[in-house]
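One structure below.
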Amino acid sequence: MALPLSRGGPGASGDSRELDELEVRLLLEGIHQRHGFDFRDYAPGPLRRGIAHALAAEGVATVSGLQERVLHDPAAMEAFVAAVGVHVTALFREPAMFAAISGQAFSLLRTYPSVRVWLAGCATGQEVYSLAVLLEEAGLLKRCRLYATDMNALALAAGRRGTYPFAEVTAAAGRYRQAGGRGELTDHVLQVGGRATFADRLRSRVTWAEHNLVTDASFNDFHLVVCSNVLFYFGRELQDHVYRLLDESIVPGGFLALSDRESLGRSPVQRRYRRVVPGASVFQKGRA
Ligand SMILES: C[S@@+](CC[C@H](N)C(=O)[O-])C[C@H]1O[C@@H](n2cnc3c(N)ncnc32)[C@H](O)[C@@H]1O
């Protein structure tokens, strides 16, 4: 992979690029052995941007310098996880995905006395509350348990708090409607000053837990799995590994929801699923 970072750039010699690549491999190997995070098969583009960001944030000039930091300093390691994991997210970030879930999956979920939902790679939780709002408006939330997981403990802590700038809530009003929202998004939060906290009736339905899609196993079976804007960061083999893990975790007839820019495509599990509606990456697993 071409990863010109510390000494690189367009004019870098082949020799310095090779050295950069060696340093990156050693960095990722060291992190895996020391901390258990496995970034070795992440897609090169986002990985390079994450490492470049971490170099700037740590103020070190070389990837070897960054390795020294992340191996010895837990805070530097946490920052590295955030930089490479990129936890950009928003309320109702994927309106078409939510509209497909509420339009196509809710009627089946309604037939179960209790429903388990897994939101994998949920970052700071906005996606979790978005779904909880739609489930509540559909009268389904009380029978649901939402499992919200991410590898980034700091992001999860923010999700657990469920407090965001009030402006973030008002800015999401249009996407909430496109997603199938029926009321006012602001009715689901408690506003204090410029901050909004999602209502306890939503928060109480969520279990937050650290889970790494690369190194951890499946931990339950689910009627709906949402894994949006996560697989995009993975290389092909790693994507296949995670698709198998998600597939193992979905009951027959259950649903898998991905972002618009992800698809089951040529994945090893693709033949077991059908797309529920054109224009969204939401799939239903066959019952066979
Ligand atoms: C861009 S955010 C997506 C957040 C949300 N799903 C959405 O669509 O708005 C990607 C998230 O995936 C998480 N992530 C990356 N690699 C992961 C892994 N191996 N296991 C679990 N989470 C991972 C990151 O920590 C980050 O929070």
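The values are calculated or read from the model by the stated rules, or taken from the named source; none is laboratory data. Here the structure is a predicted model, which means the values were calculated and not measured. Here Cβ is always computed from backbone atoms with ideal geometry, including for glycine, and neighbour counts include all displayed protein chains. Note: accessible area is taken over every heavy atom of the protein model, side chains too, but ligands, DNA and RNA are not part of it. Shrake-Rupley method; radii C 1.70, N 1.55, O 1.52, S 1.80 Å.
Structure notes:
- Protein accessible area in the chain, 1.4 Å probe - carbon and sulfur %: 51
- Using alpha-carbon coordinates, inclination of helix 44-58 to the longest axis of the chain, degrees: 70
- One way to sum up the overall shape of the chain is the equivalent ellipsoid from its Cα gyration tensor, whose semi-axes run 35, 22, 16 Å, largest first.
- Against the chain, whose longest principal axis comes from its Cα atoms, helix 126-137 is set at around 10 degrees.
- Rounded to the nearest 10 degrees, the angle from helix 14-35 to the longest Cα principal axis of the chain is 50 degrees.
- For Val225, nonlocal amide neighbours, meaning residues 5 or more places apart or on other chains whose placed amide H falls under 5 Å from its own, are Trp118, Phe255, Leu256, Ala257.
- Each other residue within a Cβ distance under 10 Å of Gln126 adds +1 if Lys or Arg and -1 if Asp or Glu, for a net charge of -1.
- For Arg287, net neighbour charge (Lys/Arg +1, Asp/Glu -1) across residues whose Cβ lies under 12 Å away: +3
- Of Pro252, Ser107, Ser267, farthest towards positive along the dipole that unit charges on Lys, Arg, Asp, Glu beta carbons give the chain: Ser107
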